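Peer 1: Have a look at the structure that comes next, please.
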Amino acid sequence: MEKDWQLPEFSREEFAPKQNRYALCVFIINEGARIQSQLSKMKPLASQVDIILADGGSTDGSLDPDLLRASNVRALLTKRGPGKLSAQMRMALAWSLEEGYEGIIVVDGIV
């Protein structure tokens, strides 16, 4: 089946290979210290799900690659094209499906 997905332009930075059957996609933009706190709390989940950050184009410097690696984040997807949250969601869901995940858990913002 040919895919006719309408996706925004985005970049991807992978920090680890796929390790789990499920992806946990977190949608963020300029979350500052809040995302760092959340990642610290989510780090133990990395043995059960692959943590994927879907960024809407943050400019606050909170997504340092060394921090993301230390937090067991598998990948950072950064939307470069137009659109808002729905574009971030299409980007993350399509990437996760292409990676072969059996299930995708989504979290909008910080919990």
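Peer 1: Just to check your reading of the model, which residue among 86, 40, 71, 11 is over 14 Å from the mean Cα position of the chain (by Cα), under 21 Å from residue 104 (Cα atoms) and hydroxyl-bearing (Ser, Thr, Tyr)?
Peer 2: 40
Peer 1: While we're here: Would you point out the residue of segment 48-70, among those that are assigned to a helix (DSSP H, G or I) and without any contact (Cβ under 8 Å) to a residue 24 or more places away in the chain, that is surrounded by the most Cβ atoms within 10 Å (Cβ to Cβ)?
Peer 2: So the first thing to find is which residues in segment 48-70 are assigned to a helix (DSSP H, G or I), and the list is 65-70.
Narrowing further to those that are without any contact (Cβ under 8 Å) to a residue 24 or more places away in the chain: 66, 70.
On the way: 66: 8, 70: 13.
Ranking the candidates gives 70 first.
Peer 1: Filter segment 29-47 for residues that are surrounded by fewer than 20 Cβ atoms within 10 Å (Cβ to Cβ) and among the charged types (D, E, K, R); which is nearest to residue 13 (Cα to Cα)?
Peer 2: Looking at the filtered set, the residue picked out is 43.
Peer 1: So in segment 71-103, with the set limited to residues that are assigned to a strand (DSSP E or B) and not charged (D, E, K, R), which one is surrounded by the most Cβ atoms within 10 Å (Cβ to Cβ)?
Peer 2: By that ranking, first place goes to 73.
Peer 1: Given the conditions (1) surrounded by 20 or more Cβ atoms within 10 Å (Cβ to Cβ); (2) in contact (Cβ under 8 Å) with a residue 40 or more places away in the chain; (3) not hydrophobic (A, V, I, L, M, F, W, C), and given that residue 12 satisfies all but one, which numbered condition is not satisfied?
Peer 2: Answer for residue 12: the failing condition is (1).
Each value in this text was obtained by applying a stated rule to the coordinates, not by laboratory testing. No experiment lies behind these values; they were computed from the predicted model shown. Glycine also receives a Cβ, built like all others from the backbone with ideal geometry; neighbour counts cover every protein chain displayed.
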